[in-house]
Amino acid sequence: MQFNEQSLWSGDNNWDGDYKTGDHGFGSYRNFGELGVHFEPPVQHSDAVSAASDYKRSLDLLTGIYHLTFHQGGTLYKREAFASHPDQVMVFRYTASKKGRLSGHITLWSAQGARAKINAAADGLTFTGIMPNQLKYAAKAVIKTVGGQVIKPTTGSNGADSVLRFKDCQSITIYLDARTNYKPDYTAGWRGADPLPVIEKELHAAREKTYSQLRTAHIKDFSALAADARIQFGQTAPAVLALPTDKRKEKYAAGGQDPDLEQLVFQYGRYLLISCSRPGGLPANLQGLWNNSNTPAWASDYHNNINIQMNYWGAESTGLSACQIPLIDFILAQAEPCRIATRKAFGVKTRGWTARTSQSIFGGNGWEWNIPSSAWYAQHVYEHWAFTMDKTYLKDTAYPMVKEICNFWEDRLKERPDGLLVVPNGWSPEHGPREDGVMMDQQLVWDLFQNYLDMARALNIDKDYQIKIADMQRRLAPNKIGSWGQLQEWQEDKDDPNDQHRHTSHLFAVYPGRQISPTKTPKLAKAAIISLRSRSGNYGKNKNTKFTVESTIGDSRRSWTWPWRCALWARLGDGNKAGIMIRGLLKYNMFDNLFATHPPFQIDGNLGITGAMAEMLLQSQTGEINLLPALPDSWKPAGYFIGLKARGGFTVDCTWKNGKVTHYKIYAKNSQKVKLRINGKLQEIMSIAQK
Ligand code: FUC
């Protein structure tokens, strides 16, 4: 079992923007190690040396438990595993239905090579080490058996030959813990408590509990989040349901109907976010936290020109608000080194901060400056409040953060001779020249200012500053419609209708932004549709061809392009095209274990599609709650969702038939007025008061 811990990183504070991903400089996220469990055939039991049968491996997304069962001879073998958030250990259990069947040994291996010191003792295998950047790390595996015995271990010169043997057991349980001394605090040099004593304490506590206590605590913690939101829009044929996931994926990619697989993809994104982004930890990086390499693609870092943001698109709307806290904490922790780097690059008097495209956990800023990245981060800071209505968070955390980023833009915006304000020297990610007034930049700053104003109004503070920001927002050079009806990506009308670049940056205002919508700005929304078709290879020379999964070609097939476009089509009210994007992701950019691939594996596709699918069912970005804004035809006959969230602190349940809402429930802490768009009509209702 290859394992990870989020904070095992090489590299240092990296002020100069280099993107060297070795031991120093920017560094990279690293592989922690492997736990090996090696079984010997129980030769003394003749019934158990025959071939295995009924082999079944599964993962329960609601409990976060892995299961494996098989028969061998007359014995039933079971394996279960989970990573417990409440007890901070990974637990692996192996059982046999008959006594004495399990014999073998375990090994523990560090992926950091000879740097790690291995120790084998009667109570378990341990390794400790120090990275060249002085980050300390440690891992320990301990074992508990039922029946049989554990044999005195031997320590070899390296991990592979340090073993702990077990003999003639009926069940073995292995507890694994791994940590570093990383602390998310620039002033503390990013280093905190030694990892091994913490590990010893956690493992001791875990071993004091019974397996069933650990399992119950894990299920309670995990399912409290996982079961909160459910979606249902059709039944898959039993014969298809009985197939393994890879076969179902194959059939679906070929055009088959499998609503259960679509629902699974939605819940898988939630499962992955719950599993890699919890309060107190780091946010999901490019691979969430699952990385088996010391040289992962793009350092498996935090990319802020789409990827890290997309990782959180499903957090608030699908009831995983707590899972977004690591992102907010990361933004807070990185702000100080980013201020220093920003002043170095933009002048000592610069207020506020921004970041380069790649970020590490040590204040590292790599590759090109992504100047509006902090404005994009501000959207997440804002939305965590907009969905939860947590006033303390708003006042103490969100408002000061967002105001500081407004300061940066107050100083940086440039006034053109026509009196309009433009973001100077921008870059539409990662496309076209550097120039003033790139549309994505304009839209991001518009969004920042709107978010600031909403928060300042809710707090009823800083009246003069509100006036100033509102005035600047009004004067931002606006979105433009170009010669072929497209939403322009740049100030100059130079978009190519045959350009299928993967980024849909100039559509930020549609999603995840809220400046453009079919109801409030219909002309711009229409232009956005043309731009989106064009990016998918369905304009210019292909204007009259059918829009299909297969017609979305080339650079448009990436882990994260499908979810973004799915959410865009949802916001633009086209459920069928949104549905095509789900199919495209599964067909072209998902492995058999349903990890999304760029290539290689990149988790944004998984976490993003969850958020995009929620947008198809419920929207709330324009000040109204919109039920079923973009159902594809295949979802229309009948369905429901439970526990999706809307801005304003609302939870929403909804049932439909033939594409029409038949029943709904909208509730919040206190009953309040809600503008509701339902079955094509806008109404005003009162929400239900319910905790
Ligand atoms: C951005 C994207 C790439 C890739 C990388 C990790 O730079 O443009 O497609 O996802 O991040």
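The values are calculated or read from the model by the stated rules, or taken from the named source; none is laboratory data. Computed from a predicted structure; not experimentally measured. As a convention, Cβ positions derive from the backbone with ideal geometry for all residues, glycine included, and neighbour counts pool all protein chains shown.
Give me a count of the residues in the stretch 108-143 that are surrounded by 18 or more Cβ atoms within 10 Å (Cβ to Cβ) and assigned to a strand (DSSP E or B).
Of the residues in that region, 19 qualify.
Given P296, P283, which one is farther than 24 Å from V652 by Cα, touching a Cys at 6+ places or on another chain (Cβ under 9 Å) and either within 16 Å of the ligand (Cβ to nearest atom) or of a type in the set (K, R) (or both)?
P283
Does the stretch 556-563 contain any residue that is touching a helix residue (DSSP H, G or I) at 6+ places or on another chain (Cβ under 9 Å), within 16 Å of the ligand (Cβ to nearest atom) and farther than 27 Å from P244 by Cβ?
yes
Which pairs have Cβ atoms under 7 Å, sit 6 or more apart or on different chains, and link a residue in the stretch 94-106 that is touching a residue at least 40 places away in the same chain (Cβ under 8 Å) and within 20 Å of S162 (Cβ to Cβ) to one that is buried (at least 23 other Cβ atoms within 10 Å of the Cβ) and among the charged types (D, E, K, R)?
Qualifying pairs under 7 Å: none.
Which pairs turn up if I take residues in the stretch 300-315 that are within 13 Å of S277 (Cα to Cα) and look for partners that are part of a loop (DSSP other than H, G, I, E, B) and not hydroxyl-bearing (S, T, Y) with beta carbon separation below 6 Å, at least 6 apart in sequence or on another chain?
Correct list of pairs: N311/A284.
Among the residues that make up the stretch 635-648, is at least one of them in contact (Cβ under 8 Å) with a residue 24 or more places away in the chain, under 12 Å from R677 (Cβ atoms) and either touching a strand residue (DSSP E or B) at 6+ places or on another chain (Cβ under 9 Å) or assigned to a strand (DSSP E or B) (or both)?
yes
I'm checking my understanding of the structure. Among residues of the stretch 1-24 that are crowded, with 18+ Cβ neighbours inside 10 Å and among the charged types (D, E, K, R), which one is nearest to R278 (Cα to Cα)?
E5
Every residue, every condition in (1) more than 27 Å from T662 (Cα to Cα); (2) of a type outside the set (A, V, I, L, M, F, W, C); (3) within 14 Å of the ligand (Cβ to nearest atom), yes or no:
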{"site": "T597", "(1), (2), (3)": "yes, yes, yes"}
{"site": "Q602", "(1), (2), (3)": "yes, yes, yes"}
{"site": "L607", "(1), (2), (3)": "yes, no, yes"}
{"site": "G611", "(1), (2), (3)": "no, yes, no"}
{"site": "A614", "(1), (2), (3)": "no, no, no"}
{"site": "L617", "(1), (2), (3)": "no, no, no"}
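Scan (1) more than 16 Å from the ligand (Cβ to nearest atom); (2) polar (S, T, N, Q); (3) within 21 Å of F32 (Cβ to Cβ) for the single condition N291 breaks and write down its number.
For N291, the exception is condition (1).
Checking A525 against (1) part of a helix (DSSP H, G or I); (2) farther than 19 Å from L487 by Cα, which test does it fail?
Just one mismatch for A525, condition (2).
Pairs needed: first member in the stretch 350-377, at positive phi and within 15 Å of the ligand (Cβ to nearest atom); second member anywhere, assigned to a loop (DSSP other than H, G, I, E, B) and not aliphatic (A, V, I, L, M); C-beta distance under 8 Å; at least 6 residues apart or different chains.
Note: pairs meeting the criteria are W367/Y19.
Could you tell me which of the residues L618, L572, L594 is surrounded by 20 or more Cβ atoms within 10 Å (Cβ to Cβ), of a type in the set (A, V, I, L, M, F, W, C), over 22 Å from I274 (Cβ atoms) and at pLDDT 95 or above?
L572
Given the condition in contact (Cβ under 8 Å) with a residue 40 or more places away in the chain, surrounded by 15 or more Cβ atoms within 10 Å (Cβ to Cβ) and among the polar types (S, T, N, Q), answer yes or no: does some residue in the stretch 66-77 qualify?
For the stretch 66-77, residues in contact (Cβ under 8 Å) with a residue 40 or more places away in the chain, surrounded by 15 or more Cβ atoms within 10 Å (Cβ to Cβ) and among the polar types (S, T, N, Q): absent.
Go through (1) more than 30 Å from L585 (Cβ to Cβ); (2) of a type outside the set (G, A, S); (3) surrounded by fewer than 16 Cβ atoms within 10 Å (Cβ to Cβ) one by one and return the number of the condition Q235 breaks.
Q235 satisfies every listed condition except (1).
Does G623 count as surrounded by fewer than 23 Cβ atoms within 10 Å (Cβ to Cβ), away from the ligand (no atom under 16 Å from the Cβ) and more than 29 Å from C276 (Cβ to Cβ)?
Judged against the criteria, G623 is a match.
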